[in-house]
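Taking it in order: structure first as structure tokens, then the write-up.
The values are calculated or read from the model by the stated rules, or taken from the named source; none is laboratory data. In this text the structure is predicted, and so the values were computed from the model without any measurement. Ideal geometry is used to build each Cβ from the backbone, glycine not excepted, and the neighbour counts take in all protein chains shown. Note: areas computed on protein heavy atoms with side chains; ligands, DNA, RNA excluded. Shrake-Rupley method; radii C 1.70, N 1.55, O 1.52, S 1.80 Å.
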Amino acid sequence: MFPVVPERALLELARTEGGPDTLNLLVRDQDTRRLLLLRAVLDAAEAAGPSVCTAAQKARLREDWALLTEADRLPAADARFANPARARLFHPLTGPWARSCLRGLDAAPGPADGERARRLRRDLAHFSAIAAVVAAGAGIPFRTRLTARAGVLALPSLGALHTARSGDVPVDVTCTEGRLVLRQADAPDVTVHLESGVGAWSGALAWTPAHALPGLTRTAPPLPLDDLDPYRELPDGPGHGNLRTPLALDDAERKRWLQAWSGTALALRSGGAQRLAEADALLRCLVPLETPPDVGTGRGSCSATRREAFGGLLSSTPPDAVTLAATLVHELQHAKLAALGDLVTLHRAGPAARYFAPWRTDPRPYDGLLQGTYSHLAMAAFYQRRALVGGLPDRDWAWAQHARYRAQVGAALPALVGSPDLTVRGRRFVDEMAATHERMAEHPAPRGHVARAQAYVASARALWAQRHASALPPSNG
């Protein structure tokens with residue numbers, strides 16, 4: 001069912017690149033997996049006992065699935081997808097929602113059953129909202145009852161209704177001719193008019209529309225800037241540090257996003273046409289995050305991706321277009337490598353955290369080292385290409401960034417290349433990464449930047465060794 005990755009595509013990706021065919025292969029495979037994940041939710045619900053998923057909940061899931069199926073048969077409304085339902089179903093944040101459903105449906109009974117049941121009830125109710133949005137976008141008339149969560153009814157890609165009462169509130173929805181009428185007890189009806197692609201407008205103060213940024217390229221559709229979806233939070237865990245607070249944008253923050261975004265395509269192109277092409281092919285939504293206090297000022301920002309939210313990128317408000325472009329380059333490499341990992345086994349290393357990475361103070365597992373080195377290799381290439389463009393006002397800064405990223409990659413590559421846990425295709429991949437790193441020497445950074453970068457890495461290695469000497473493997477020394 002899943003495609004075979006050609007050798008040409010594997011080597012393109014190892015260079016942190018990827019032509020149209022290679023990127024399309026990753027996208028098609030991830031979309032197929034999303035459809036299978038949605039089907040898995042329905043199957044898990046059907047198989048669950050009545051104490052986990054009631055007969056009424058199962059019946060409602062079947063109704064919602066039938067509505068999705070009807071919308072799926074209609075002609076395409078978005079040229080990127082085979083039919084109008086796919087644009088909504090492939091929205092990145094439906095992935096975290098589906099994973100949450102499966103955790104609730106598959107979890108073993110335990111002391112948290114009450115909280116788990118409440119979470120699952122809300123998760124399954126959200127499927128009804130997804131089905132309603134898909135049907136509305138496809139132009140299917142319907143009547144349904146949805147449930148607002150904690151006083152907010154989120155309609156993905158359209159907006160959110162703030163109900164008159166708090167808590168979980170029933171909302172009756174009628175859809176006709178591109179218009180939704182939202183009705184709740186003890187409050188005026190709210191009429192919402194669908195827009196093409198992303199968003200819906202209403203004159204009611206209770207309605208907050210979804211927002212989008214202009215297409216990255218002339219032919220690209222608007223890009224959702226999603227600060228409403230209830231599944232946009234990062235999961236708890238050490239991998240995401242303090243990046244767990246999504247940001248609801250005010251007008252000032254939205255303007256800052258738009259200002260940075262307006263120059264992002266040009267900044268990406270200055271780092272290589274490939275960088276703009278991969279962002280256009282892979283990026284499907286941006287999720288604003290609050291800026292942690294330790295990020296600092298100037299060009300500081302924080303960002304993340306979620307493996308189950310392919311095409312989604314979470315980021316604090318970018319200070320400028322170059323920072324946002326660099327964030328896209330960095331995070332999209334994680335998305336590419338994760339998508340490739342679903343198709344190709346690159347290594348069989350265990351989860352033990354014992355490797356030195358110059359960009360981290362803690363030991364890293366092999367897969368984490370591979371992910372970090374891969375994204376840093378792309379950053380080194382991005383800044384080198386920018387530094388080679390004549391007339392850029394920040395050219396010297398770009399050289400400094402390139403030198404630092406390249407030195408960091410050079411310190412991590414020996415552990416990657418020397419691992420006995422690489423598969424045959426994995427060895428081809430990391431060998432090509434090493435060759436890409438070596439080719440950068442054809443256009444070296446100024447000596448002062450190189451010396452400072454090497455001193456930085458040496459200092460980071462010495463400090464790391466003092467703290468974690470017992471974890472350091474011989475191949476990383």
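Taking Asp106, Asp227, Asp367 and ordering them by how much accessible surface each has at a 1.4 Å probe, largest first, produces Asp106, Asp367, Asp227. Leu377 exposes around 0 Å² of accessible area when a 1.4 Å probe is run over every protein chain in place. Rounded, prolate or oblate, given the Cα gyration tensor of segment 351-477, with a/c below 1.5 counting as rounded? Taking the square roots of the gyration eigenvalues as a ≥ b ≥ c, segment 351-477 is oblate. Largest to smallest in accessible area, the residues Ser459, Ser316 fall in the order Ser459, Ser316 (1.4 Å probe, all protein chains included). DSSP finds beta bridges in the chain, and of those with both partners inside it, around 85 percent are antiparallel.
The 1.4 Å probe gives accessible areas that order Lys58, Lys255, Lys336, largest first, as Lys255, Lys58, Lys336. Size descriptor for segment 155-281, Kirkwood hydrodynamic radius: 17.2 Å (Cα pairs only, one decimal). Taking other residues whose beta carbon is less than 15 angstrom from the beta carbon of Val450, and scoring Lys, Arg as +1 and Asp, Glu as -1, yields +1. Each residue of segment 175-182 was assigned a 3J(HN,Hα) from its phi angle through the Karplus curve 6.51 cos²θ - 1.76 cosθ + 1.60 (θ = phi - 60°); the sequence is 10, 8, 6, x, 9, 10, 10, 9 Hz, with glycine and proline shown as x. Computed from Cα positions, the angle between helix 251-262 and the longest principal axis of the chain comes to roughly 50 degrees. Is the shape of segment 376-434 best called rounded, prolate or oblate, per the rule: a/c under 1.5 gives rounded, else a/b larger than b/c gives prolate, else oblate, with a ≥ b ≥ c the square roots of the Cα gyration tensor eigenvalues? Cα axes put segment 376-434 in the prolate bin. For the chain, the mean residue ellipticity at 222 nm estimated from helices alone is -16500 deg cm²/dmol, where every DSSP H run of n ≥ 4 contributes -39500 (n - 2.57) and the total is divided by all residues, rounded to the nearest 500. Note on segment 88-185: semi-axes of the ellipsoid equivalent to its C-alpha gyration tensor, largest first and rounded to whole Å, are 26, 17, 10. Derived value for segment 180-226: Kirkwood hydrodynamic radius 12.2 Å. Basis is the mean of 1/r over every pair of different alpha-carbon atoms.
Cα convex hull, the chain: 163 Å³ per residue, rounded to a whole number. Note on the chain: with charges restricted to the Cβ of Lys and Arg (+1) and Asp and Glu (-1), its dipole about the Cα centre is near 760 debye. For the chain, the longest principal axis of the Cα atoms and the long axis of helix 321-343 meet at an angle of about 80 degrees.
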